[in-house]
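Data block below; observations after.
The values are calculated or read from the model by the stated rules, or taken from the named source; none is laboratory data. This is a predicted model, so every value here is computed, not measured. Reconstructed Cβ throughout: ideal geometry from the backbone, glycine too, with neighbour counts over all protein chains shown. Please note that ligands, DNA and RNA were not included when accessible areas were found on the heavy atoms of the full protein model with its side chains. Shrake-Rupley method; radii C 1.70, N 1.55, O 1.52, S 1.80 Å.
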Amino acid sequence: MSSTDRPNGLTYRDAGVDIDAGNALVDRIKPLVKATRRVGADADIGGFGGLFDLKACGFKDPVLVAANDGVGTKLRVAIEADRHDTVGIDLVAMSVNDLVVQGAEPLFFLDYFATGKLSVDTAAAVIAGIADGCRQAGCALIGGETAEMPGMYVDGDYDLAGFAVGAAERSEILPKPDVGAGDVLLGLASSGVHSNGYSLVRKVVERAGLGYADAAPFAEGVSLGEALLTPTRIYVKPLLAAIRETKAVKALAHITGGGFVDNIPRVLPQKTSAEIDLSAVPALPVFGWLARTAGIDQAEMVRTFNCGVGMIVVVAEADAERVSAVLSREGETVVRLGRLVADEEGPRTLFNGTLAL
């Protein structure tokens, strides 16, 4: 009996996995990956592992810094809005922004894309976004994994994870040991909701009775899905410029899940707290819409969302103008939010003023 006559001659494709589609995706994304090359990363994708030559980067006493993250339920918005070209930027941003807050330069990135049935077009759009994010961060996309797992995800769904590795000179690791009372808090404007709080965002959209194809109530000329999918701002290059040129950045805090309340204290010493004037926060229209539509109070807003500030920079009072000038030159919108204070109950975040929602 030939193999074609066997009644149970199942193939991997019959089980829902299409190896040819996976190979087609690799061919599609090779130019995208090649466009992210940087010093230290010269190999083509397709091997069993990604290679990086740390010596070529010129570090004298390097410490490796690693971070990983996902995009969270913002992916649900992308899937329902059928827009997949920006969540890859979010994926990169969530990890590389965590690297730079420790003073590290992102060197390379790997992604993990999992789905029930591989759509080459969807996956290629996502990976194009990842490549875009890597170029913004100055790191190389040196590899990744595409997993087709029928039965694990419903048709059309996918999930993402990202892994970034960077390096810093041992002497330049942040936060610095001299962070303390009197230091100034600078805020760098966010591009929108970034990639946190989307479980609440989606509840607000549901309560408002809106679909992602409807006009955004807070942004003219775009759909709600497009507005909510505005990618996370990548702060790497401006921050590295400020760190290296001024030698004055003492600490950085990436404002992600937990907002100002939980993220700023992570970089503060004991008995020191951050005092923030909420009236100085450049609150974006999306946050006002979210708060008004669902009656979200200020305390919940500042613990869930970035509210318009995606990164906090801690500097000495005497260095605040100099650091601000470099960041502004590099394209950041910089606001002075407050200062660090002595506090027996610290580290914590203290607030005065009111968000302009």
What tally of residues in the range 97-122 results from selecting those that are open to solvent by less than 30 Å² (accessible area, probe 1.4 Å), of a type in the set (A, V, I, L, M, F, W, C) and either at pLDDT 95 or above or in contact with a Cys (Cβ under 9 Å, 6 or more places away or on another chain) (or both)? 8
Within the range 150-162, identify whether any single residue is touching a residue at least 12 places away in the same chain (Cβ under 8 Å) and in contact with a Pro (Cβ under 9 Å, 6 or more places away or on another chain), and answer yes or no. no
Kindly establish whether residue 155 is farther than 30 Å from residue 286 by Cα and of a type in the set (Asp, Glu). yes
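Given the criteria in contact with a helix residue (DSSP H, G or I) (Cβ under 7 Å, 6 or more places away or on another chain), touching a residue at least 24 places away in the same chain (Cβ under 8 Å), open to solvent by 10 Å² or more (accessible area, probe 1.4 Å) and not β-branched (Val, Ile, Thr), does residue 241 qualify? Steps first, please.
Values: in contact with a helix residue (DSSP H, G or I) (Cβ under 7 Å, 6 or more places away or on another chain): yes; touching a residue at least 24 places away in the same chain (Cβ under 8 Å): yes; open to solvent by 10 Å² or more (accessible area, probe 1.4 Å): yes; not β-branched (Val, Ile, Thr): yes.
Yes, satisfied.
Do we have any residue at all in the range 223-239 that's within 25 Å of residue 289 (Cβ to Cβ), hydroxyl-bearing (Ser, Thr, Tyr) and touching a Phe, Trp or Tyr at 6+ places or on another chain (Cβ under 8 Å)?
Of the range 223-239, the ones within 25 Å of residue 289 (Cβ to Cβ) are 223-235.
Checking the rest, the ones that are also hydroxyl-bearing (Ser, Thr, Tyr) come to 223, 230, 232, 235.
Keeping just the survivors that are touching a Phe, Trp or Tyr at 6+ places or on another chain (Cβ under 8 Å) gives 223.
Yes.
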Got a sec? Which helices (runs of 4 or more DSSP H) wholly within the range 221-269 have at least 1 residues that are within 25 Å of residue 76 (Cα to Cα)? 224-228, 259-263
Filtering the range 44-96 down to residues that are assigned to a loop (DSSP other than H, G, I, E, B), of a type in the set (D, E, K, R) and over 18 Å from residue 205 (Cβ atoms), which residue is most open to solvent (accessible area, probe 1.4 Å)? 60
Every residue in the range 292-309 that is open to solvent by 10 Å² or more (accessible area, probe 1.4 Å), touching a helix residue (DSSP H, G or I) at 6+ places or on another chain (Cβ under 9 Å), farther than 16 Å from residue 350 by Cα and among the small types (Gly, Ala, Ser), please. 294
Taking the range 172-210 and keeping only residues that are more than 19 Å from residue 254 (Cα to Cα) and touching a residue at least 40 places away in the same chain (Cβ under 8 Å), one is left with 178, 181, 182, 199, 200, 201, 202, 203, 204, 207, 208
If I filter the range 153-168 down to residues being modelled with pLDDT of 95 or more and not hydrophobic (A, V, I, L, M, F, W, C), which single residue comes out as most open to solvent (accessible area, probe 1.4 Å)? 159
Taking the condition at positive phi and modelled with pLDDT of 90 or more, does residue 61 pass? no
